[in-house]
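Undergrad: Please find one structure pasted underneath; my questions will follow.
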Protein chains: 2
Amino acid sequence: MSCLIPLLDVLLAERNAGREAVLATVVKVDGSAYRRPGARMLVSRFGRPEGTISGGCLEAEVARKAWWLTEAGPALRSYSTSEADEGSEEALSFGLGCNGKVHVLFERLPASGPCALITALLGVRDTQQPAAIATVIASSADGSHRLGDRLLLVSGQSAEGELLQSALAEQIRIDLQQTLVRGKSSRYLYPNGTGKIEVLMEYLPPVRRLVVFGAGHDAQPLVRMAKLLGWHVTIIDGRSHFARAERFPDADQVLVGDVEQPFAYRELVRGAAVAVMTHSLVQDAHWLQGVLHSEPCYVGQLGPRERTERLLAGIHEQQGELPGLACLHYPIGLDLGGDTPESVAMAMLAEIQAVLNGRNGGSLRFRSASIHDSDPVLIASETETEIAFAAEAYRRFAVQP
Amino acid sequence: MSCLIPLLDVLLAERNAGREAVLATVVKVDGSAYRRPGARMLVSRFGRPEGTISGGCLEAEVARKAWWLTEAGPALRSYSTSEADEGSEEALSFGLGCNGKVHVLFERLPASGPCALITALLGVRDTQQPAAIATVIASSADGSHRLGDRLLLVSGQSAEGELLQSALAEQIRIDLQQTLVRGKSSRYLYPNGTGKIEVLMEYLPPVRRLVVFGAGHDAQPLVRMAKLLGWHVTIIDGRSHFARAERFPDADQVLVGDVEQPFAYRELVRGAAVAVMTHSLVQDAHWLQGVLHSEPCYVGQLGPRERTERLLAGIHEQQGELPGLACLHYPIGLDLGGDTPESVAMAMLAEIQAVLNGRNGGSLRFRSASIHDSDPVLIASETETEIAFAAEAYRRFAVQP
């Protein structure tokens, strides 16, 4: 999602100027590919394309063809990254040697009026809550559902979109709720009259939030790097000469914390990744205590292991059981070596990224499973009939090269 | 070293303006501390202090006292970060709870004329070769050696500094050579008449160099992040529309590579970290082949494992044995999850950092050894006499609070 915010900004600018824009979305991947389903690229009529759908190999082609492909409505196009397909006229091949196939949905977003996807992205941005969105990516039942038809769920409540009129709407709404709960995208195959429709069920996570307690100068590269990753960053320190906005020009919020109120930031911390790094024993104890009671998704404590253990013993004595202990990581960071503020910042952010993605750090060369999370799975028994259906449905939707 | 370049720039600016500056250097650490021996901070007469010697706790104190402490020449001061010492008048305590002691050397660098340290830093910057520098940090033999006296070795050859006149000069020169070979700082204790002198033997590594083959837009966040870390970055691509300086405003060099000349970059690649990520099978094979014959210190290949293995098989067929295989990492990067160009860039840089520091990249919480590399060890049998000496010598040099 973090990379969808700049895209949303460009999209809103286009709408403000009364212009439509073409959105290209990876809706399915076979084999290897750099980006996963849900990766998006926006091609405005005059500006620079925004966002990426590959490692740089498909973007020029997509930007060139986007407007032409969508002249008659949404279109699906498949790109092969297989070496073997190179030069073949049937597949749009790029000879990248990845042996994958990337299926991209092209659609024009209107210059004005309702647009389910924009509603979803705005909802995620403004409420800082996740959303789920269902998009038709194939159908064997002509006419009843169009490619790109949608249903969306924002803040787990309101549903809207073209599919609301469908006989399947209620089932899709239930599956969208499930998608929100699982926090993971998937593909569904629904029966539809005598045929079937295939739906990409996307989980749109909120922007990752980082709350940093401690506004020393080692927090400065941390903020710069986290903003490069597209995270939302808040800095809090009890010392007003440290917690100054001009010291953190990139931060979203810089707050002077009241050390008498350890629980004042409960709402801010809930669901956020937190780094405690004031270098003051008194402040660290204070903030760590508040954080451990505020349901963060990750807490890292800077400093030697023994120091953190003394901090915890002190807090425990005052407070009894500490509910947030399971997500406390100390010493904070991945084991990268280096002691400059910049390298420590990278080690911290890399750990947060790994932990929240359920990864262990460590080199990818030692990972036995796939590099990526499993692709959105097809929720339905993939019988031969269904596979045949999918192939047929893709043929039907696909624009010939 | 990377953090010493901005410091060198400030220092040279002060000299150009005809002003001296005070340099504070961590020369020894007992117990835990954020930064290691060799960390430096420059306090100019009027400007903002540059560099850090702690996680932000000692800097204000150092900036305040730097000029006063050095009125009568170089001075050594010890800072306790132990909770227990808090409020004690004997130790300058900061109550950080780290249970460490940081020994800092303060010295004024001249406004003009020779200065061994400036020579060393300039040498490292301009030759991109490491240097080694010996600094007297304690002595029990009054008068014969002054605190801060130096001997330095640049490009493994020229030696200069105050210690060149010492009876120990030849032995120190040999030990500096050893320091260059080991690539690691240490402390030495030398007999000196009836007493001893203690010397910090520092290894000044060259700035880390990153060579990126592939100028796609996924290389853009990689460059921005590597520059944030202070690395020297070169981008090379055979496609002139990708390899354009305006696409990489932060890069040190952007080169259009000649795909007929895989070995053209041998000098550039030797000793550098390399990422191969053109997304083109032809270009990747080409550059990887050249890189593996050019003695890089790290090579990472982007893309699925199977793709890289096919690349290697092809190169092997043409070239026979591949000398650089031992330092080839594929798939490139740490296992952090995430597929945006920004998160992939972080995973790459984190792996390079870990590999070159001999770390494994997992969470620090699982590391059983110390977080930091072992501190510069005292090369000498630490008998009780010697420990007593050191204590006495520190007392002698130390400025009372």
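Only the coordinates and a few stated rules stand behind these numbers; no lab work does. Values in this document were obtained by computation on a predicted structure and should not be read as measured data. Reconstructed Cβ throughout: ideal geometry from the backbone, glycine too, with neighbour counts over all protein chains shown.
Undergrad: Considering only the other residues whose Cβ falls under 14 Å of the Cβ of B:ALA326, what net charge follows from Lys and Arg at +1 and Asp and Glu at -1?
TA: Once all neighbours under 14 Å are counted, the net charge is -1.
Undergrad: Identify, among B:ALA369, B:HIS232, B:PRO6, the residue whose Cα sits farthest towards the positive end of the charge dipole of the protein assembly as shown, taking +1 on the Cβ of Lys and Arg and -1 on the Cβ of Asp and Glu, with the dipole about the Cα centre.
TA: Going by the charge dipole, the pick is B:PRO6.
Undergrad: Which three lengths, in whole Å and largest first, does the protein assembly as shown cover when its Cα atoms are put on their principal axes?
TA: Each principal axis gives a Cα extent; for the protein assembly as shown these are 100, 67, 46 Å.
Undergrad: For the protein assembly as shown, what does the helix formula give at 222 nm: sum of -39500 (n - 2.57) over DSSP H segments with n ≥ 4, over the residue count, nearest 500 deg cm²/dmol? Walk me through the numbers on the way to the answer.
TA: Working: 20 runs with 242 residues, N = 802.
So the helix-based figure for the protein assembly as shown works out to -9500 deg cm²/dmol.
Undergrad: Same structure, new question: Starting from the Cα of B:GLN261, step 7 Å along the direction of its Cβ; do the same at B:ILE174; then give the gap between the two resulting points in nm.
TA: 4.6 nm
Undergrad: Across peptide B:32-39, how many C-beta atoms of other chains are within 10 Å of each residue C-beta, on average?
TA: Mean shielding count: 4.
Undergrad: Using Cα atoms only, what is the angle between the long axis of helix A:341-356 and the major principal axis of chain A, expressed in degrees (0 to 90) to the nearest 10?
TA: 60 degrees
Undergrad: Let me ask something additional. Which whole-number value in Å³ per residue fits the convex hull of the alpha carbons of chain B?
TA: In chain B, the Cα hull volume divided by residue count equals 167 Å³.
Undergrad: Provide A:TRP67, B:TRP231 in ascending order of the number of other Cβ atoms located within 10 Å of each residue's Cβ, fewest first.
TA: In order of increasing Cβ crowding within 10 Å: A:TRP67, B:TRP231.
Undergrad: In segment B:1-41, which residues have a backbone nitrogen under 11 Å from the label point lying 7 Å from B:SER112's Cα in the Cα-to-Cβ direction?
TA: B:16-19
Undergrad: With the label 7 angstrom out along Cα to Cβ, how close does A:ARG305 come to the same site in each of the other copies, in nm, nearest first?
TA: Distances between equivalent label points, in nm: 3.0.
Undergrad: Further question on the same structure: Taking the Cβ of A:GLN177 as the centre, find all other residues whose Cβ is under 15 Å away and add up their charges (Lys, Arg: +1; Asp, Glu: -1).
TA: Residues close to A:GLN177 contribute a combined charge of -1.
Undergrad: Provide the net charge surrounding A:ALA13, with neighbours chosen by a C-beta distance below 11 Å and charges set as Lys +1, Arg +1, Asp -1, Glu -1. Intermediate values should be presented prior to the final figure.
TA: On the way: positive: A:ARG15, A:ARG19; negative: A:ASP9, A:GLU14, A:GLU50.
Local charge sum for A:ALA13: -1.
Undergrad: Follow-up. How far apart, in nm, are the 7 Å Cα→Cβ label points at B:GLN319 and A:LEU12?
TA: Output for this residue pair reads 5.0 nm.
Undergrad: Let me ask something else about it. State, to one decimal in nm, how far the label point of A:ALA326 lies from the label point of B:GLN128, with both points 7 Å from Cα in the Cβ direction.
TA: According to this spin-label approximation, the distance is 5.0 nm.
Undergrad: Starting from a label point 7 Å past Cα on the Cβ side, list the distances from A:GLU260 to the same position in the other copies, nm, shortest first.
TA: The answer, with the shortest distance listed first, is 7.8 nm.
Undergrad: Let me ask you something else. I need the Kirkwood Rh of segment A:209-356: take the reciprocal of the average 1/r across all distinct C-alpha pairs and report it in angstrom.
TA: Working: mean 1/r = 0.0670 Å⁻¹.
By the Kirkwood definition, the hydrodynamic radius is 14.9 Å.
Undergrad: Moving on. How tilted is helix A:281-292 with respect to the longest principal axis of chain A? Cα atoms for both, answer in degrees (0 to 90, nearest 10).
TA: 40 degrees
Undergrad: Something else: R0 = 45 Å: FRET efficiency of A:ASN357 with B:ARG64, Cβ-based, nearest 0.05?
TA: 0.55
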